[in-house]
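Taken together, the values in this text are just the output of simple stated rules run on the coordinates, not laboratory data. All figures in this text were calculated on a predicted structure; none of them were measured in a lab. Cβ sites come from the backbone with ideal geometry, for glycine too, and all protein chains shown count toward neighbours.
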Amino acid sequence: MGELKVGLIGNGSISECHLQAYALNPKVELVAICDLQEDRARESARKYNIPHIYTDYRELLESPDVQAVSICTWNNSHAEISVAALRAGKNVLCEKPLCKTVDEALEVERAVRETGKLLQVGYVRRHASNIAVLKKFIDAGELGDIYFAKASLIRRLGNPGGWFADKERSGGGPLIDIGVHVIDLCWYLMGKPKVKSVSGNTYNKLGNRSHIENYDFYKAADYDASLNTVEDMANALIRFENGASLMVDVSFSLHAKDNSAMVNIYGDKGGAEIEPVLSIVTERHNTIINIDPQISTPGFDFQGSFNTEINHFVDSCLGLHETSCPVEDGVEMIKILNAIYQSAAEGREIEIK
Ligand SMILES: NC(=O)c1ccc[n+]([C@@H]2O[C@H](COP(=O)([O-])OP(=O)(O)OC[C@H]3O[C@@H](n4cnc5c(N)ncnc54)[C@H](O)[C@@H]3O)[C@@H](O)[C@H]2O)c1
């Protein structure tokens, strides 16, 4: 019997990474699963030996057996389900983004404060093993003050369709879906400086390119290309109160030669390039040197990072440590993302209070 009884809400594509990670953790017992589509939940329940199946998350939350939940539903239900779970006395691991709007984010934060329960935001990239290595260099001061970062996730063809492409349910396109990962990672590694202002642009030029053949990409469990109300690509400049800045560009559709990923941070003593593999750059004895850490996973290990994220959540629930991805970090990110969308809509820089 595990020490922590866990329920999963939203059993689509990414939930498999959560389920695999929980199944590997000996402290966990998976006791409940919920999806709007009962067959989907039934199939996972069979695979992972989960006794209780629901189609209404409220019924799952009524179960006194469930102590913690993973929320892997569409973005428009993250806030509602998080608040209900916290108020039902459960700890929560909520997939990114925390929610769609700043008002929702503040409501979730209030529920965390009032219940004293834990909410961890699903910033899986923070849990990559190469980030743990880099963090040691940063914390030891070896990069100095980090004053500039560049984050880019370009998909030439990669609109996941379904709810992801429906602004009502997703809150937006590549900015809120994949931009959130790399903006958060830079912000975290920069020491979470206070944001001062943002200036952003969004484009709807290519649509979802659903006519393209012979090219695979990540799809929502209920893939449907007929609706697309989100941006194709976004770029932004984020300024921080300490003078640091972060440039970002992300796309679901772009006439790019290839898909690409870049997360670079630059300090006054050294820099680091995180994608595709970790490399640290500095100088010694008047010579520039590139340091290539000799580690088993120099790049982003998808399932391995989910395993570490879930183990971290479980140990946070068991009181072994504080979560490294608290609700406040979700709130700050929603403020940044919403301000970028506002800046793009109004064509001006937006100050963040
Ligand atoms: N951390 C990552 O790298 C990563 C990757 C992909 C997706 N995500 C996030 O995970 C979440 C889910 O994404 P996905 O790709 O699995 O989507 P998906 O469409 O494949 O799955 C979502 C599932 O949630 C179910 N659902 C929706 N509303 C529900 C509700 N109210 N109650 C119960 N079930 C409900 C749907 O039926 C579906 O099965 C999103 O928030 C997304 O941003 C994170």
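The distance from the alpha carbon centre of segment 70-101 to that of segment 210-280 is 25 Å, rounded to a whole number.
Measuring against 30 Å, Cα to Cα, the residue pairs Lys96/Lys269; Lys219/Lys353; Lys136/Lys219; Lys135/Lys196 contain Lys96/Lys269; Lys219/Lys353; Lys136/Lys219 as the ones spanning a longer distance. Cross-link partners for Lys27 among the lysines, with Cα-Cα distance under 17 Å and sequence neighbours closer than 8 places in the same chain left out: Lys5, Lys90. Of the residues Arg155, Arg40, Arg239, the one that moves most in a GNM of the chain with alpha-carbon contacts below 10 Å is Arg40.
Residue ranges 228-234, 159-165 sort as 159-165, 228-234 when ordered by packing (mean number of other C-beta atoms within 10 Å per residue, highest first).
The protection proxy used here, the mean number of other Cβ atoms lying within 10 Å of each residue, ranks peptides 20-27, 63-70 as follows, highest first: 63-70, 20-27.
Put in line by how crowded their Cβ is, counting other Cβ atoms within 10 Å and starting with the fewest, Glu213, Glu16, Glu328 read Glu213, Glu328, Glu16.
Near Tyr54, the amide H atoms lying under 5 Å from its own belong to Ile33, Cys34, Asp35; only residues 5 or more places off or on other chains count, and H is placed 1.01 Å from N. Listing Tyr188, Tyr218 from fewest to most neighbouring C-beta atoms within 10 Å gives Tyr218, Tyr188.
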